[in-house]
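Visitor: Got a structure for you, questions after.
The values are calculated or read from the model by the stated rules, or taken from the named source; none is laboratory data. What you see is a predicted model; the values in this text were computed from it and never measured. Methodologically, a virtual Cβ is constructed for each residue, glycine included, from the backbone with ideal geometry; neighbour enumeration extends over all protein chains shown. Note: accessible area is taken over every heavy atom of the protein model, side chains too, but ligands, DNA and RNA are not part of it. Shrake-Rupley method; radii C 1.70, N 1.55, O 1.52, S 1.80 Å.
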Amino acid sequence: LKEAVITAEAPPVTVKADTTEYSAAAYPVPEGSMLEELVKKIPGAEVSDEGKITINGKEIKKIMVDGKEFFSDDPKAALKNLPVPANMIEKVKAYDKKSDMARITGIDDGEEEAVLDLTVKKGMKKGWIGNLIAGYGSQERYEGGVMISRFKDDASFSVIGSANNTNNKGFSEFGDAGQGLGGGNAGSGITTAQSLGINFAKDTKKFQIGGNVQYGHSDNDARRKTS
């Protein structure tokens, strides 16, 4: 007999215990899209104008890459800045993650948070991935941003930086003090903002180490005349 070739479509959604897996191939996005475009296509997922993610009514508190936290307390950093090439992300998993203390001690303390966990295809964790934007316009308006990441099987490293004076919400809002590039809106003057974030994670045979640091600064100029 000659060889038989079997082709089939992967199921777009698979439920395993308390984890819902979405096949990224079932929700194609244009090349160069950020994670936000992929999440918006997931059934039951919603992304608000402020960047809050909900899936089936449950708010996503963290975004992870292969189980490693990506800007732990700022899912918008991944949503707005993490490119998702069509051939890079294999699955998007949604589940409730136990607290660090519960995972260390094995004692369930009832503290859980909903997370999105991106599974990167094998063989794709090579080299660097990045995104750069820059612009200058009339009235001395400018904006710029950069994201550089490196993902390996046992480590990851990312840097996100941005600056503008256009009230642009295209990048994450790093904390209440800085509010990143979304510090104002069209009706409240002009906000000049700068932000910088670094995220890293590393696995060894004995340790898992990781963390992130974020800086944000903004200055708002608002003028109003009434009569």
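Visitor: Pairs under 6 Å by beta carbon, first residue over 16 Å from THR192 (Cβ atoms) in segment 129-146, partner among the polar types (S, T, N, Q) and surrounded by 10 or more Cβ atoms within 10 Å (Cβ to Cβ), six or more apart or different chains?
Guide: ILE129/SER149
Visitor: Pick from ASP49, ASP108: which is more than 29 Å from LYS202 (Cβ to Cβ) and not in a strand (DSSP E or B)?
Guide: ASP49
Visitor: Sticking with this one: Of the conditions (1) open to solvent by 60 Å² or more (accessible area, probe 1.4 Å); (2) touching a strand residue (DSSP E or B) at 6+ places or on another chain (Cβ under 7 Å); (3) not hydroxyl-bearing (Ser, Thr, Tyr), ILE63 satisfies every one except a single condition; which number is it?
Guide: ILE63 satisfies all of (1) open to solvent by 60 Å² or more (accessible area, probe 1.4 Å); (2) touching a strand residue (DSSP E or B) at 6+ places or on another chain (Cβ under 7 Å); (3) not hydroxyl-bearing (Ser, Thr, Tyr) except (1).
Visitor: For segment 93-107, state whether one or more residues are closer than 23 Å to ASN212 by Cβ, open to solvent by less than 30 Å² (accessible area, probe 1.4 Å) and in contact with a Ser or Thr (Cβ under 7 Å, 6 or more places away or on another chain). Don't jump to the end; show me each part of the working.
Guide: Step one: list which residues in segment 93-107 are closer than 23 Å to ASN212 by Cβ, which gives 93-104.
Now narrow it down to the ones that are open to solvent by less than 30 Å² (accessible area, probe 1.4 Å): 94, 97, 99, 102.
Next, from what is left, pick out any that are in contact with a Ser or Thr (Cβ under 7 Å, 6 or more places away or on another chain): 94.
Yes; the residues of segment 93-107 include at least one that is closer than 23 Å to ASN212 by Cβ, open to solvent by less than 30 Å² (accessible area, probe 1.4 Å) and in contact with a Ser or Thr (Cβ under 7 Å, 6 or more places away or on another chain).
Visitor: Condition check: aliphatic (A, V, I, L, M), free of Cβ contacts under 8 Å to residues at least 40 places away in the same chain and surrounded by 12 or more Cβ atoms within 10 Å (Cβ to Cβ). Does VAL13 satisfy that?
Guide: Yes, satisfied.
Visitor: Here's another thing I want to ask about it. Can you tell me how many residues in segment 39-57 are surrounded by 13 or more Cβ atoms within 10 Å (Cβ to Cβ) and touching a strand residue (DSSP E or B) at 6+ places or on another chain (Cβ under 7 Å)?
Guide: 11
Visitor: Return a yes/no flag: does segment 59-67 have any residue that is within 30 Å of SER218 (Cα to Cα) and not in a strand (DSSP E or B).
Guide: So in segment 59-67, the residues within 30 Å of SER218 (Cα to Cα) come out as 59-65.
Remaining after also requiring not in a strand (DSSP E or B): 60-61.
Checking segment 59-67: at least one residue is within 30 Å of SER218 (Cα to Cα) and not in a strand (DSSP E or B).
Visitor: What is the residue count in segment 16-38 for residues that are within 16 Å of LEU79 (Cα to Cα), acidic (Asp, Glu) and open to solvent by less than 40 Å² (accessible area, probe 1.4 Å)?
Guide: Matching residues across segment 16-38 total 1.
Visitor: While we're on this one: Determine whether segment 185-195 contains at least one residue that is closer than 24 Å to SER48 by Cα, buried (at least 16 other Cβ atoms within 10 Å of the Cβ) and either at pLDDT below 80 or aliphatic (A, V, I, L, M) (or both).
Guide: Checked against the condition, which is being closer than 24 Å to SER48 by Cα, buried (at least 16 other Cβ atoms within 10 Å of the Cβ) and either at pLDDT below 80 or aliphatic (A, V, I, L, M) (or both), segment 185-195 yields at least one hit.
Visitor: Out of curiosity, is GLU90 modelled with pLDDT under 85, surrounded by 15 or more Cβ atoms within 10 Å (Cβ to Cβ) and in contact with a Lys or Arg (Cβ under 7 Å, 6 or more places away or on another chain)? Spell out the reasoning first.
Guide: Working: modelled with pLDDT under 85: yes; surrounded by 15 or more Cβ atoms within 10 Å (Cβ to Cβ): yes; in contact with a Lys or Arg (Cβ under 7 Å, 6 or more places away or on another chain): yes.
Answer is yes for this residue.
Visitor: Search segment 3-20 for residues being hydroxyl-bearing (Ser, Thr, Tyr) and under 13 Å from VAL92 (Cβ atoms), and hand back the single one that is modelled with the lowest pLDDT.
Guide: Residue satisfying both the conditions and the ranking: THR14.
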